[in-house]
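The values are calculated or read from the model by the stated rules, or taken from the named source; none is laboratory data. Everything quoted here is computed from the prediction, not taken from an experiment. Note: ideal-geometry Cβ built from the backbone for every residue, glycine included; neighbour counts use all protein chains shown.
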Amino acid sequence: MAIQSVGVIGCGLMGHGIAQVAATGGCEVTVVEADPTALDKGVKRIEGSLMKLVEKGKLQATEATAIRNRIHPSTKLSDVAQCDLVVEAIVENLDAKKSLFAELGRITKPSCILASNTSSFPIGEMGDASGRPQRMVGLHFFNPVQLMALVEVVRTTKTEESAFKDAFEFGKRCGKTPVAAKDTPGFIVNRLLVPYLLEAIRMIERGDATPEDIDTAMRLGCGYPMGPLHLLDYVGLDTTQFIADGWERRFPSEPLFKVPGELKDLVKQGRLGRKSGRGYYEWEGDKIKGK
Ligand SMILES: NC(=O)c1ccc[n+]([C@@H]2O[C@H](COP(=O)([O-])OP(=O)(O)OC[C@H]3O[C@@H](n4cnc5c(N)ncnc54)[C@H](O)[C@@H]3O)[C@@H](O)[C@H]2O)c1
């Protein structure tokens, strides 16, 4: 079954991007947001992003209009009842997600595929909450959704093959390269990335090297576009702590998931990185001061 109509729940940082790439792929998209101001802001971001693509000559103005016309903003969850696929992109709170999926399980058609864009929670728990775990997948897009080429398609032990295949094809239709992942903490990217970031912090705690030298080493030694401390600042120290805290609670004996004391201290001090102006580096807007 090819997916034609898509519901996106949440029109924040990720939701507006998912709505845009799905509509660009030709789907009719209903984007539902609880907060009308956030909905308005998200739709304006989509329009701004489409306009930029037109200005850069990457999209015809008529195509941009057609994409925008395929996006139907709403504040009513019942508007996704007839969708073939619903992608959840609300706040990273497991209870909020579970109650949303319980509601989606009640109101959507039985064939509807339910997907979560969560970065850190088990997809299986949300599938169970929906009452339709066989139709549940993870669709983990990356920020900014319009630019990042990857989507992780996550299947649980209960996901039907047809739901997984259709979600995988949907990822391609959104212009992304899908990869198949199991329902394990962090899927593929964050499972490797988060322990790497935490170990970089432990290196600083131990006095092994300075943040600048660790970043230079990983850029020049591994060809990474930015080093781990720069990346931590960019993503937000609080975001990384949030993910690692949850994993440490669930897997207390896994040393890779232990949250370093320095990370907790910096977050307590409000040194969150780019968003607060200071983390491992001092920031001026989107750039490290002096760079
Ligand atoms: N930000 C990232 O870099 C990133 C990357 C990958 C995945 N994710 C995941 O994507 C999800 C969304 O993250 P975000 O950064 O876009 O958050 P965000 O805070 O920017 O957006 C969430 C939006 O959901 C809305 N919302 C909350 N509850 C709702 C409900 N019940 N119904 C409808 N709307 C509701 C909020 O009003 C808000 O506008 C999270 O699960 C996060 O872990 C985030």
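Listed here are the residues, each with its yes/no results for (1) surrounded by fewer than 19 Cβ atoms within 10 Å (Cβ to Cβ); (2) small (Gly, Ala, Ser); (3) assigned by TED's automatic domain parsing to the domain that holds Phe164.
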site	(1), (2), (3)
Ile9	no, no, yes
Met14	no, no, yes
Ala19	no, yes, yes
Glu47	yes, no, yes
Gly57	yes, yes, yes
Phe101	no, no, yes
Lys109	yes, no, yes
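For region 205-221, give me each residue that is in contact (Cβ under 8 Å) with a residue 24 or more places away in the chain and either more than 23 Å from Lys258 (Cβ to Cβ) or not acidic (Asp, Glu) (or both).
Within region 205-221, Pro211 is the sole residue that qualifies.
Please list, ordered by first then second residue, the pairs with beta carbon atoms under 6 Å, 6 or more apart or interchain, first in region 132-154 and not assigned by TED's automatic domain parsing to the domain that holds Gln20, second surrounded by fewer than 24 Cβ atoms within 10 Å (Cβ to Cβ) and of a type in the set (Phe, Trp, Tyr).
Matching pairs, first to second residue: none at all.
Of everything in region 71-91 that's of a type in the set (D, E, K, R) and surrounded by 16 or more Cβ atoms within 10 Å (Cβ to Cβ), which residue is nearest to the chain's Cα centre (by Cα)?
Among those that are of a type in the set (D, E, K, R) and surrounded by 16 or more Cβ atoms within 10 Å (Cβ to Cβ), it is Glu88.
Can you pull out the residues in region 121-131 that are out of contact with any Phe, Trp or Tyr (no Cβ under 8 Å at 6 or more places or on another chain) and either within 11 Å of the ligand (Cβ to nearest atom) or not assigned by TED's automatic domain parsing to the domain that holds Phe170 (or both)?
Phe121
Thr118 - would you say it is of a type in the set (Val, Ile, Thr), within 9 Å of the ligand (Cβ to nearest atom) and closer than 22 Å to Lys182 by Cα?
yes
I'd like to check something: does region 223-243 contain any residue that is buried (at least 19 other Cβ atoms within 10 Å of the Cβ) and assigned to a loop (DSSP other than H, G, I, E, B)?
yes
Could we say that Lys76 is touching a His at 6+ places or on another chain (Cβ under 9 Å) and either within 16 Å of the ligand (Cβ to nearest atom) or not assigned by TED's automatic domain parsing to the domain that holds Cys112 (or both) here?
no
So is Thr177 polar (S, T, N, Q), surrounded by 20 or more Cβ atoms within 10 Å (Cβ to Cβ) and over 14 Å from the mean Cα position of the chain (by Cα) or not?
no
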